[in-house]
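Worksheet for the structure shown next.
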Amino acid sequence: MKKDIDLVMKKNVGFDDNNSAQFIYSDLYQPLAWPDEYPCFIQIHSEWPVQDVPLHWHHGPELIYSRNQEIRFIVDTEKTVIHPGECILISSGAIHNVEPKKEIRNQDVMSLTFKGTYIEKIYPKLRQTKISFMSPDSTDEDRQELVEYCEKLYAILEQDTKDYFALNEVLFHILGLIFNRFVSKECNETQSTKHNHDKMSLVLQYVEEHYQEEITVSSIAMEFGYSREYFSRLFKRYADVSFKQYINGFRLMKASNELYTTDKRIADIAYDNGFADEKSFYASFKKKFNMTPLEYRKSKYEISDQ
């Protein structure tokens, strides 16, 4: 049954950590799980082949620090690039994607995804606050300090035994620095912009729940009360790709996860992730990863033997 979108839009957009579109995977491609020992999910990304992270959002703010990678982002329709030794700060609820360079085999990138429900208790205006690594209130010294704290985290994480007191000390220094020095004053959203942003958040949740089914541009536009043409333009503005390209990439991400973590037949993985047939899955997979699904599955054993 078609949901009453106007009624849905009068409520918050599923704005909690469990309903955030959580497309984050570790080197073993395990789903996001919030730790009890500290206030964020920490990852060191070194997986190969390197993957894009499709358009998504988190309740909590996010910091991504690249040691050796140029990474492109789209954050609430704005295109941004960070270079090795730089960070990006992503606001609570910001719709964003991540596009690392594919040819970097030994990528070394850290992401800190803070738990929104926890941070909101400390900073109640979290959802209304925009953060930026280039905030006008920040200085080059502030930015260098944030990078140095990221390196301190690396040093703690590389220890055989984790020092959770030291880890929390650094994480709360980072949080204090973010909300004292990196809050952007440019927060003037029009009602129309907020309406479209909230609807896009719902679209992404819908894809997360229905990607295994047949979804066309026309059907999802109708689902959310848009004309096909307007929805296509709106989605392209947020994602910089068409909806068809986006959902194909999303399905490939889910399928590649299953190739790494299960022994399911490749044909079953294709059907279970919304592809019409095995042939179309192979063609899409080869185009994106420059290898077949079978070669991709074998690559995990090559990495584990290194």
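Scanning the stretch 163-197 for residues that are outside any helix (DSSP H, G or I) and free of Cβ contacts under 8 Å to residues at least 40 places away in the same chain yields Asp163, Asn188, Glu189, Thr190. In the stretch 255-277, the residues that are crowded, with 19+ Cβ neighbours inside 10 Å reach residues that are of a type in the set (Phe, Trp, Tyr) with C-beta atoms within less than 6 angstrom, at least six apart or across chains, in these pairs: Asn257/Tyr29; Leu259/Tyr296; Ala270/Phe281; Gly274/Tyr211; Phe275/Phe281.
Quick check on my filter: what residues within the stretch 123-147 are in a helix (DSSP H, G or I) and loosely packed, with under 12 Cβ neighbours inside 10 Å? Matches in the stretch 123-147: Gln128, Asp140, Glu141, Gln144. Residues that are part of a helix (DSSP H, G or I), among the charged types (D, E, K, R) and at pLDDT 90 or above within the stretch 259-306 comprise Asp268, Asp272, Glu278, Lys279, Lys286, Lys287, Glu295, listed in sequence order. Output the residue which, of all residues in the stretch 47-94 that are among the small types (Gly, Ala, Ser) and assigned to a loop (DSSP other than H, G, I, E, B), is farthest from Gly116 (Cα to Cα). The residue in question is Gly85.
The values are calculated or read from the model by the stated rules, or taken from the named source; none is laboratory data. The shown structure was predicted, so the numbers you read here are calculated from the model rather than taken from an experiment. Heads up, the Cβs are rebuilt from the backbone with ideal geometry, glycines too, and the neighbour counts pull from every protein chain shown.
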